Structure formats: structure tokens, C-alpha cells
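To start, the structure itself, in C-alpha cells.
The values are calculated or read from the model by the stated rules, or taken from the named source; none is laboratory data. What you see is a predicted model, and the numbers here were worked out from it, not measured in a lab. Note: ideal-geometry Cβ built from the backbone for every residue, glycine included; neighbour counts use all protein chains shown.
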């Protein structure tokens, strides 16, 4: 199922799976898994407590017999993460972490995001004045650095370290995104997760002595008040925020910009009617989801569509397939930024819906509004975009673009008009 063709365009495969049936057993995923293809079933699985998110150990064990003991640290750290625990532990941790993602808290972050966006676009526009300028790589110069800079600001960590923690996150994502990870992929993921864990451990004494208004300080205060029980649990949440804090936004910006420029009538409509931006972001998330699928482990036997799925079985809700299900969305393979046919599932659903969804929307709205204003003649730089080899986190390695510089300095530094939809 997962090959180069799938990685470049998974949607024909999803269509074939849906046409063949709503549920499939596939041996390619960690020794076997149930693939759930339709919107209604994916949404049901994501909110059903019988389908557990506790699967850190399953990943490690899937890498072969050596992994059973060798990847103990990976399992130990991620088994405490908000992403991989069920209620009531998940409920307690989510209540602690929600405070940093409330709309009121995020609104105070918006000016910082705008400054970061402007600086990155300043650099892009400045490069256009050089004689050798032929275009720029949207991923390298904008979509990749921006979310990393934003999460660094939220966590109160040194943005100069972003290359290091993006590399750590990519190693972890490579492991999680491989249906059958090799022991070498698993080892790199564990090495990077341990390095990330130790990075935060070194910060804790300072935050305990002098807490600020950053997310790490909030977690330290939650530990002091009993909301977080142990230092190990606190460190696991720090790693979660750093790892998950930029993957989705980076991929939304890259996939979304490519989709808009491949559909110039939609790009032109958005430029002419920028009030469509909130609707456009929802459609971009549906059209080409940054997260293509997730996983659950069954706590009990469950019957679905006449098939008995056994306790302990791995279940893969195919989010990318659900978002293109014609039973939910009319003409699902068309990009329509005015679409209003219900919610996409790109941020998940139910109790484990992405805690950073509001931040991603806000960050992407600021970014795309600024790109529209400052690079109005943006175009694809040929058909040379390059897709990554991660089946879970659908991401472009490169997206060459070109534009004609036309803005004055005053226009280039102007703040966007309109209120953010946080």
C-alpha cells in the first residue's frame, strides 16, 4: 500500500480502499492492523474509549526482537505523554495543559507570531534583490522555520536551538510514521527523544527558581500544585509540546500553499476576498491533511461491519481517507475554499482532539494573510516540489516558488487588517 506513488498522492489508494469496503485487515502495519476508511467510522473510533491511545510500546516492539529491551527509554518517556495516555490520566494532564492554549492566552502571542512572519518574509523579499535570484524554497525559508520559532517562544527556549530540536522531532516522526520501522530508525528516534528529554531537564532548575509566563513554567507550577505528579511526567509533556508543536503547522502551510497555487482560481478568490481565510484553512486541512492517519489499540473485542476486531489489535483510522469520503463531502477531490459541509478530522476528534488546533489556525491565518499581502504575485517555481517519505505526517521537503517584488518598505512592514479567528 505505502510506496512512492502513495507518498506523492495517497488519495487514489484511499478511494480504492473505500470502494472495496469500510474495513480492511492489512499486514503492512506493525505486523497487522485494521484500516478504517470512512468518515463516520473514523470519527466513531476516535471518540470511543474502547480504542486506546496507549501504543508507545507497540511501536517499539514492532522494530524487531532487539527493540524489546533496547528501546526501554523511548517507551518510558512517551508512555507518560498526553498523546499516549487514556482517561483519567489524560483528563488530568489535558486540564493542566489547556491553560496555555486558551484563546485569551493565544491572543497575547499573536503579535509575536506576526513579528516572526514579517522577519521571515523580509528575508525572502531581500533575497529577491540579488542578481542571482530565481525564486525561493517556501518550506526551507518559511514553512519550516516559522512553527519552530513559535513553539520556542511559547516554551521560552532559545530559538537558536531550533535546528537541533527540529532534527530531534524529525527523527521521532520518522519512527512514528513508518508502518514497519527498522531498528536503526527506532534507535535514532530514541536517541533524539532522550536528548530532548535531557534538554528540558537542564532547564527545570531555572524555571523552578524563577517561573515566567511560558508553557514550561506553567507545567512546573502544575507540578507544585499536584496537577502533574512527577518530574518524569512533566518532562514527557515538554517533549510532547516540542515534538507536536510544529509538525502540523509546517505541513499545513506547505500542503496548503501548494494546493492553492495548483488551483489558481481558488488562490485568486482568496486574494480578492481575504475574509474567506478561516474557511479556506478548514478546507486546506480537509483537502490534504497534515496528519494522514493515527493509531489505536483495542481494550476489548469490538465488532464493526461484521468483523470481530480482537482485544489488543491495532486499528488505523485513515484520517486522509475520511476527509475525502463522498458520503460526507460532495465532490471531495475538489478544492473549494467556500465549502461548508461539516468538520474535517485533521485535528482528530473526541477527547484526544489536538490541543494545539487553535494555535495552528491562528498561526496559519497570520502567515497566509501576510504572504497574500506581501507576495501577491506568488507562483509555483515549476513541478519540482518534493514529498517526504513519512506516511503519517504528509509533508513537502521542498516547494520552490517565485514572485515579482513589488512592495515598498512601508507596505512590507504593515500589520494585517482584520481580527484573528482564535
Any hit, the stretch 129-145, residues being surrounded by fewer than 17 Cβ atoms within 10 Å (Cβ to Cβ), at pLDDT below 85 and in a helix (DSSP H, G or I): no
Any hit, the stretch 266-279, residues being in contact with a strand residue (DSSP E or B) (Cβ under 9 Å, 6 or more places away or on another chain) and modelled with pLDDT of 95 or more: no
Filter pass, residue 230 being surrounded by fewer than 22 Cβ atoms within 10 Å (Cβ to Cβ) and at pLDDT below 90: no
Lone qualifier among 92, 80 - being in a loop (DSSP other than H, G, I, E, B), more than 19 Å from the chain's Cα centre (by Cα), within 27 Å of residue 202 (Cα to Cα) and in contact (Cβ under 8 Å) with a residue 24 or more places away in the chain: 80
Set 106, 146, 121: member being out of contact with any strand residue (DSSP E or B) (no Cβ under 7 Å at 6 or more places or on another chain) and within 22 Å of residue 404 (Cα to Cα): 121
Qualifying residues in the stretch 12-32 (those that are modelled with pLDDT of 95 or more and out of contact with any helix residue (DSSP H, G or I) (no Cβ under 7 Å at 6 or more places or on another chain)) - the one farthest from residue 315 (Cα to Cα): 12
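Out of the stretch 209-227, which residues are loosely packed, with under 14 Cβ neighbours inside 10 Å and assigned to a helix (DSSP H, G or I)? Quick ask: steps written out before the conclusion?
Pass one, the stretch 209-227, residues loosely packed, with under 14 Cβ neighbours inside 10 Å: 209-210, 212-213, 224-226.
Those that are loosely packed, with under 14 Cβ neighbours inside 10 Å and assigned to a helix (DSSP H, G or I): 209, 224, 225.
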Residue match in the stretch 233-253 (condition: surrounded by fewer than 17 Cβ atoms within 10 Å (Cβ to Cβ), in a helix (DSSP H, G or I) and more than 19 Å from the chain's Cα centre (by Cα)): no
The stretch 354-386: number of residues that are within 24 Å of residue 151 (Cα to Cα) and out of contact with any helix residue (DSSP H, G or I) (no Cβ under 8 Å at 6 or more places or on another chain): 1
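Each row is one residue, and each column tells you yes or no for (1) touching a residue at least 40 places away in the same chain (Cβ under 8 Å); (2) out of contact with any strand residue (DSSP E or B) (no Cβ under 7 Å at 6 or more places or on another chain); (3) within 19 Å of residue 243 (Cβ to Cβ).
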| residue | (1), (2), (3) |
| --- | --- |
| 154 | yes, yes, yes |
| 166 | yes, yes, yes |
| 174 | yes, yes, yes |
| 184 | no, yes, no |
| 190 | yes, yes, yes |
| 194 | yes, yes, yes |
| 198 | no, yes, yes |
| 217 | yes, yes, no |
